[in-house]
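*Asks:* Sending over a structure as structure tokens; questions will come in a sec.
The values are calculated or read from the model by the stated rules, or taken from the named source; none is laboratory data. No experiment lies behind these values; they were computed from the predicted model shown. Using ideal geometry, Cβ is built from the backbone for each residue, glycine included, and neighbour counts are taken over all protein chains shown. Ligands, DNA and RNA are stripped out before the accessible areas are found, and what is left, the full protein with its side chains, is counted by its heavy atoms. Shrake-Rupley method; radii C 1.70, N 1.55, O 1.52, S 1.80 Å.
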Amino acid sequence: MAAKNNFEKCLYCGGCVGVCPVQAITLKDTRLIIDPKKCINCGACVSICPVGANKVEK
Amino acid sequence: MEMKDNYDVVIVGAGPAGLAAGIDLAKEDVNVLILDRKQEIGCPKRCAEGLGLGWFNRLELKPKKEWAVQPIHGAALYAPNGEGVQMKRKEVMGYVLERKMFEKDMAIQAAKAGAKILLKHQVISAKREDGEVILTVEADNQTRTVRTPLVVACDGVDSLTAKMLGLNTKLDLNETDAGYQYEMTGVSGYDEHLLHLYFGTDIAPRGYVWIFPKRNGTANVGIGIGAYEEKTAKYYLDKWISEQDGLANGSIIEVNAGAIPVGGFLDKMEADNLIVAGDAGHMVDPIHGGGIGIALEGGRLAAKHALKAIKSEKYSNEDLEAYTPDWYNTRGNELKKRLKGRHLLEQLKDDDFNYLAGSITMDEALKIGNGALTKKDKLLLLSKKLVTRPGLVKIFMKYMKDDSGMPKK
Ligand SMILES: Cc1cc2nc3c(=O)[nH]c(=O)nc-3n(C[C@H](O)[C@H](O)[C@H](O)COP(=O)(O)OP(=O)(O)OC[C@H]3O[C@@H](n4cnc5c(N)ncnc54)[C@H](O)[C@@H]3O)c2cc1C
Ligand code: SF4
Ligand code: SF4
């Protein structure tokens, strides 16, 4: 399982990119890409998101 | 429009830090490339746009009508019970900017001085080869490489460029705030010449709500909270706005979000062929989260050290190493002191805020924040104002004694 981004909520601010411990997230202007192969499901990107756009499935 | 194969220096990120560095380097006839992934400089803003007068003086920056849109004469702090401490001066103490105009003005200056700026250009990888860095840049569905002996990473909170070159700039959740904001119009009920800050654990846990006025009944209304909080920044801000008569019926003309690195200061901001500045180097005020002025100053300092390296054609870690101590001497040490102030604020409960609002002056509040209380100030605070509240005395005693900062939660 990997974190998932809801692009309808995301405001592409880059906060989650900065806290991801394994650099699984890339922000491309207005598109957020999470690499499921790198993600370790830690939830940091969920905590920081100001609008609740990221989710990890338990 | 084409990117050349080589530059003396490549700056990643066209925010305040990158543009400030770009202007200074281009003025010295250095061959500069500035890359940004966005489609427009300054947009979307991740910012409340407040900039204190001290920065204008320090950086010899002249406010221009097109971007210094609202003069500010002071600030008002509000406790959860609504009681406030206010400071208002006759003279201008700062401005709320139209930041996209400000940044575009800087971009024009950088380009005039000879820097090449390319937008919609994203750095996707960086690696070292033969004493240089090869950056892979994605633009217009194509991937190209550019070589440079020196990268100045001003890529904001993402800061992937430095990480790709082996410098750990990761944000620590405990030392990062989640920010959310509406630019609203048709709002009222506040003094347009003051910055307004609202505190309280139900309003904004570990942070505050702000109203930063712009002209004509327009204002940035936003919030910063600890990034580890369960509920989102949006949740807290929406709730607070719905309870404010002067705001609830306003219209939203812009929605902003962003992370604010409020205290995880980096011990090292350079490596072989690399210098980091601005948010990427966590150069932000730990108390109010302001980072524009610090990013400008950091960008300039980075340019100074970059220039030295370029002139001597030496780009190793050892050649660049004077940058970090230089930054700490210029600003970092002062910010570290203010981190103590924030750790103190974090421990206050709602009734502490209510009590303080009714008993301390704005001057005292500012001195606590700056870590600038004299012995006499301290005695006065403890004996006259805090003495009836043992909980507060305990927190303040620890804060005043401990020079290494408050223990983390
Ligand atoms: C909600 C909020 C409110 C704030 N309010 C204030 C305030 O009132 N006053 C104040 O002084 N500060 C405020 N700040 C802080 C301030 O906005 C930042 O400190 C400041 O923008 C830092 O400037 P910078 O140049 O370091 O980074 P940024 O302005 O973030 O610029 C970084 C640039 O790098 C680009 N980039 C990133 N990665 C890449 C890549 N791989 N390739 C190409 N380009 C890339 C980005 O697109 C971006 O344009 C606020 C921050 C937030 C989030
Ligand atoms: S923190 Fe949230 S809003 Fe910001 S880029 Fe990540 S998912 Fe999008
Ligand atoms: S869950 Fe953790 S590892 Fe996965 S993308 Fe989010 S921050 Fe990165």
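*Asks:* Select from the range B:65-83 the residues that are under 18 Å from B:Lys349 (Cβ atoms) and part of a strand (DSSP E or B) and list them in ascending order.
*Replies:* B:Leu77, B:Tyr78 - these are the residues of the range B:65-83 that are under 18 Å from B:Lys349 (Cβ atoms) and part of a strand (DSSP E or B).
*Asks:* What residue, of B:Gly226, B:Gly207, is surrounded by 23 or more Cβ atoms within 10 Å (Cβ to Cβ) and either over 16 Å from A:Ala53 (Cα atoms) or more than 10 Å from chain A (Cβ to nearest Cβ) (or both)? Reasoning before the result, please.
*Replies:* Values: B:Gly226 fails: surrounded by 23 or more Cβ atoms within 10 Å (Cβ to Cβ).
After ruling out the rest, the residue left standing is B:Gly207.
*Asks:* Follow-up question, since we're still on this one. Tally time: how many residues in the range A:18-27 are open to solvent by less than 20 Å² (accessible area, probe 1.4 Å) and at the interface with chain B (Cβ under 10 Å from one of its Cβ atoms)? Step through it out loud before you land on a result.
*Replies:* Taking the range A:18-27 first, the residues open to solvent by less than 20 Å² (accessible area, probe 1.4 Å) are A:18-20, A:24-25, A:27.
Filter again for at the interface with chain B (Cβ under 10 Å from one of its Cβ atoms), leaving A:18-20, A:25, A:27.
Counting residues in the range A:18-27 that are open to solvent by less than 20 Å² (accessible area, probe 1.4 Å) and at the interface with chain B (Cβ under 10 Å from one of its Cβ atoms) gives 5.
Residue-by-condition table, conditions (1) touching a Lys or Arg at 6+ places or on another chain (Cβ under 9 Å); (2) open to solvent by 30 Å² or more (accessible area, probe 1.4 Å); (3) facing another protein chain (nearest Cβ under 7 Å):
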| residue | (1), (2), (3) |
| --- | --- |
| A:Asn5 | yes, yes, no |
| A:Cys16 | no, no, no |
| A:Asp29 | yes, no, yes |
| A:Ile33 | no, yes, no |
| A:Ser47 | no, yes, yes |
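*Asks:* Any idea which of (1) on the phi < 0 side of the Ramachandran plot; (2) surrounded by 23 or more Cβ atoms within 10 Å (Cβ to Cβ) is the one B:Lys38 doesn't satisfy?
*Replies:* Just one mismatch for B:Lys38, condition (2).
*Asks:* Also, quick follow-up: Of all the strands (runs of 3 or more DSSP E) wholly in the range B:90-129, which have at least 1 residues that are of a type in the set (Asp, Glu)?
*Replies:* Here the list reads B:122-129.
*Asks:* Need pairs with beta-carbon distance below 9 Å; first residue basic (Lys, Arg) and within the range A:21-37, second open to solvent by less than 50 Å² (accessible area, probe 1.4 Å); sequence gap 6+ or separate chains.
*Replies:* So the pair list comes out as A:Lys28/B:Arg37; A:Lys28/B:Gln122; A:Arg31/A:Cys10; A:Lys37/A:Ala2; A:Lys37/A:Ala24.
*Asks:* Would you mind finding the one in B:Tyr235, B:Tyr190 that is more than 16 Å from ligand 3 (Cβ to nearest atom), farther than 29 Å from A:Ala24 by Cβ and either in contact with a Ser or Thr (Cβ under 9 Å, 6 or more places away or on another chain) or aromatic (Phe, Trp, Tyr) (or both)?
*Replies:* When all the criteria are applied, what remains is B:Tyr190.
*Asks:* Considering B:Met106, B:Met184, which residue is at pLDDT 95 or above and outside the structural domain of B:Ala280 (by TED's automatic domain parsing)?
*Replies:* Only one candidate qualifies: B:Met184.
*Asks:* Of all residues in the range A:1-36, count the ones that are under 21 Å from B:Gly166 (Cβ atoms), in a loop (DSSP other than H, G, I, E, B) and more than 7 Å from ligand 2 (Cβ to nearest atom).
*Replies:* Residues meeting the conditions: 6.
*Asks:* Continuing with the same structure: Would you confirm whether or not the range B:37-54 contains a residue that is in a strand (DSSP E or B), more than 16 Å from ligand 3 (Cβ to nearest atom) and touching a Lys or Arg at 6+ places or on another chain (Cβ under 8 Å)?
*Replies:* Looking through the range B:37-54, none of the residues is in a strand (DSSP E or B), more than 16 Å from ligand 3 (Cβ to nearest atom) and touching a Lys or Arg at 6+ places or on another chain (Cβ under 8 Å).
*Asks:* Would you be able to say whether some residue in the range B:148-169 is in contact with a Phe, Trp or Tyr (Cβ under 9 Å, 6 or more places away or on another chain), open to solvent by 20 Å² or more (accessible area, probe 1.4 Å) and not in a loop (DSSP other than H, G, I, E, B)?
*Replies:* no
*Asks:* Within the range B:41-66, can you find the residues that are open to solvent by less than 30 Å² (accessible area, probe 1.4 Å), charged (D, E, K, R) and more than 14 Å from chain A (Cβ to nearest Cβ)?
*Replies:* Selection gives B:Glu49 alone.
*Asks:* Let me ask something additional. Output the number of residues of the range B:122-168 satisfying the condition of being at negative phi, touching a helix residue (DSSP H, G or I) at 6+ places or on another chain (Cβ under 7 Å) and within 8 Å of chain A (Cβ to nearest Cβ).
*Replies:* 3
*Asks:* Quick one: which helices (runs of 4 or more DSSP H) lie wholly within the range B:307-409 and hold at least 2 residues that are out of contact with any Leu (no Cβ under 6 Å at 6 or more places or on another chain), at pLDDT 95 or above and surrounded by 15 or more Cβ atoms within 10 Å (Cβ to Cβ)?
*Replies:* Qualifying helices (runs of 4 or more DSSP H): B:317-320, B:323-327.
*Asks:* Conditions first: (1) in contact with a strand residue (DSSP E or B) (Cβ under 7 Å, 6 or more places away or on another chain); (2) at the interface with chain A (Cβ under 9 Å from one of its Cβ atoms). B:Lys231 passes all but one, so which condition is the exception?
*Replies:* Among (1) in contact with a strand residue (DSSP E or B) (Cβ under 7 Å, 6 or more places away or on another chain); (2) at the interface with chain A (Cβ under 9 Å from one of its Cβ atoms), the lone unmet condition for B:Lys231 is (1).
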